[in-house]
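The structure under discussion appears below in the form of structure tokens.
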Amino acid sequence: GRAPASLTPTELLALDRRHVWHPYAPMPGIAEPLVVESASGVRLRLAREVYGRRELVDGMSSWWSAIHGYNHPVLNEAARGQLGRMSHVMFGGLTHEPAVRLAERLARLTPGDLEHVFLSDSGSVAVEVAVKMCLQHWRSVGMPGKRRLMTWRGGYHGDTWQPMSVCDPEGGMHHLWSGALPVQVFAEAPPPGFDAAPDEGYLARLRELVGRHAHELAAVIVEPVVQGAGGMRFHSPAYVRALREACDEHDVLLVLDEIATGFGRTGALFAAGHAGVVPDVMCVGKALTGGYLSMAATVCTPRVAEGIARGSVPVLAHGPTFMGNPLASAVAGASLDLLLSQDWPAQVRRVGDGLRTGLVEAAGAPGVREVSVLGAIGVVRLDHEVDLTAATRAAVRAGVWLRPFRDMVYAMPPYVTADEDVARIAAAMCAVAREA
Ligand code: PLP
């Protein structure tokens, strides 16, 4: 047969439409995705010219993950070196240096006494594992009634079953499943604004809700400081702190989902750092491997792990085939070294400043409700749903890859994006706000 590379873009799209599911898409496919041939630095190279463009500056970091850009020599070398030793072996009964080193690094980097690391293969599974850890902890210490979860409205934690139950069942993507999913406890979404003074009434209601449901709550699970795919909203770290205090007071575990925010995106290595909070369980993914490979991790404290070990079934009954994948572990280790060897806080600040400057034009524009920037994340909220076709056309004409959703045009560029490319991304966001 022919190598895939020899397909023309037209042939490829015909096969794509017929056989390939894309995220949140029907089958057979209806929208025409852009065919990417390669990616290097912060640029995606298309297989053919589209709206007069062959190369696009990436404003999305492949959904928060490619923080160092693409085709990075250090990450390539890590992958190549590990590939020559072993790309994968089962993790049951075997162990290896890439996974052990990565776990030790994660234990060191994550706050407080988070030190037991479960390496899985996607963010959704990392959340499933976190939930399982919490439920099993309570079961093992003789409190099996504590098995519900509490979260905020407007959140997003993934597309598998338990994570869907803590996405917003009303406004969010998974409303189709309300009635079928486990029924969780929902607090109002936190009032918006990272720098806004905390709303005392809201804080009191949050604490009251934790107290009222504590007898049945295994855990509170939230995205700290940034609610991402549920609506791209920033909030005060005070709300995360209040949850930590309420969980301590009422003996409920706190899970922080840092899958989108982890590894510097908000300006702190972990968003929990803005709040000075140590959760009982933390989930990371996305940028963990610099966007190279599919890997996520769930990190818990000794308290959670020791609780599980005391149970009648003393093991955490979870073991994905590709758990601790050596290739992904090696690249993740290299990606973390690369991040920490650079002045990443300055890079993130610089990208954020560039977005802030470039988005001034959008702030007063017709149809724009709000512009907000935190860390290396920029969001333009419109007063209407974005027309995705018109948005893609406007962005591509401006030479940028963006993927708006609902009423939001947003960007989270690789940290290494040069100033002129950040300006280009912001200009493309303004163009989308005008034209879509
Ligand atoms: N949690 C958060 C906060 C996320 O943003 C995402 C993905 O967007 C997930 C979980 C799910 O991760 P994955 O898509 O790798 O399953």
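The values are calculated or read from the model by the stated rules, or taken from the named source; none is laboratory data. Predicted model, so just to flag it, every value in this text is computed and none were measured. Glycine also receives a Cβ, built like all others from the backbone with ideal geometry; neighbour counts cover every protein chain displayed.
Has the range 314-325 got any residue that is without any contact (Cβ under 8 Å) to a residue 24 or more places away in the chain, surrounded by fewer than 19 Cβ atoms within 10 Å (Cβ to Cβ) and not assigned by TED's automatic domain parsing to the domain that holds ARG406? Among the residues of the range 314-325, at least one is without any contact (Cβ under 8 Å) to a residue 24 or more places away in the chain, surrounded by fewer than 19 Cβ atoms within 10 Å (Cβ to Cβ) and not assigned by TED's automatic domain parsing to the domain that holds ARG406, which makes the answer yes.
For the range 150-168, the criterion of being in the same structural domain as SER312 (by TED's automatic domain parsing) and over 30 Å from GLY231 (Cβ atoms) is met by no residue.
Among the residues of the range 160-203, those identified as of a type in the set (A, V, I, L, M, F, W, C) and part of a loop (DSSP other than H, G, I, E, B) are VAL166, CYS167, MET173, ALA180, LEU181, VAL183, ALA189, PHE194, ALA196, ALA197.
Within the range 282-300, the set of residues being away from the ligand (no atom under 12 Å from the Cβ) and either without any contact (Cβ under 8 Å) to a residue 40 or more places away in the chain or more than 24 Å from LEU135 (Cβ to Cβ) (or both) comprises GLY290, TYR292. Of all residues in the range 148-190, exactly one satisfies the criterion of being within 16 Å of the ligand (Cβ to nearest atom), aromatic (Phe, Trp, Tyr) and closer than 23 Å to ARG207 by Cβ, namely TRP152. Return only the number of the condition from (1) within 18 Å of the chain's Cα centre (by Cα); (2) within 16 Å of the ligand (Cβ to nearest atom) that ASN325 does not satisfy. ASN325 satisfies every listed condition except (1).
Hey, among the residues in the range 349-386 that are among the β-branched types (Val, Ile, Thr) and in contact (Cβ under 8 Å) with a residue 24 or more places away in the chain, which one's nearest to VAL57 (Cα to Cα)? Looking at the filtered set, the residue picked out is VAL351. Restricting ALA296, ALA271, ALA287 to residues that are of a type outside the set (Ser, Thr, Tyr) and over 28 Å from LEU355 (Cα atoms) narrows the list to ALA296. Can you confirm whether GLY145 is at positive phi and in contact (Cβ under 8 Å) with a residue 12 or more places away in the chain? Taking the combined requirement at face value, the residue does not satisfy it. Of the candidates GLY29, GLY59, GLY69, the single residue that is of a type outside the set (Lys, Arg), touching a helix residue (DSSP H, G or I) at 6+ places or on another chain (Cβ under 6 Å), buried (at least 16 other Cβ atoms within 10 Å of the Cβ) and outside the structural domain of THR417 (by TED's automatic domain parsing) is GLY29. Which strands (runs of 3 or more DSSP E) does the range 6-94 wholly contain that include 2 or more residues that are free of Cβ contacts under 8 Å to residues at least 12 places away in the same chain? Qualifying strands (runs of 3 or more DSSP E): 36-40, 43-50. The set of residues in the range 174-214 being in contact (Cβ under 8 Å) with a residue 12 or more places away in the chain and of a type in the set (Lys, Arg) consists of ARG205, ARG207. Restricted to the range 97-143, and to residues there that are surrounded by fewer than 18 Cβ atoms within 10 Å (Cβ to Cβ) and more than 25 Å from LEU217 (Cβ to Cβ), the residue that is nearest to the ligand (Cβ to nearest atom) is LEU109. Pairs are defined by a Cβ separation below 6 Å, a sequence spacing of at least 6 or placement on different chains, a first member in the range 242-267 that is assigned by TED's automatic domain parsing to the domain that holds GLN162, and a second member that is buried (at least 20 other Cβ atoms within 10 Å of the Cβ) and of a type in the set (Asp, Glu); the pairs so defined are LEU253/ASP280; LEU254/ASP280; ASP257/GLU223.
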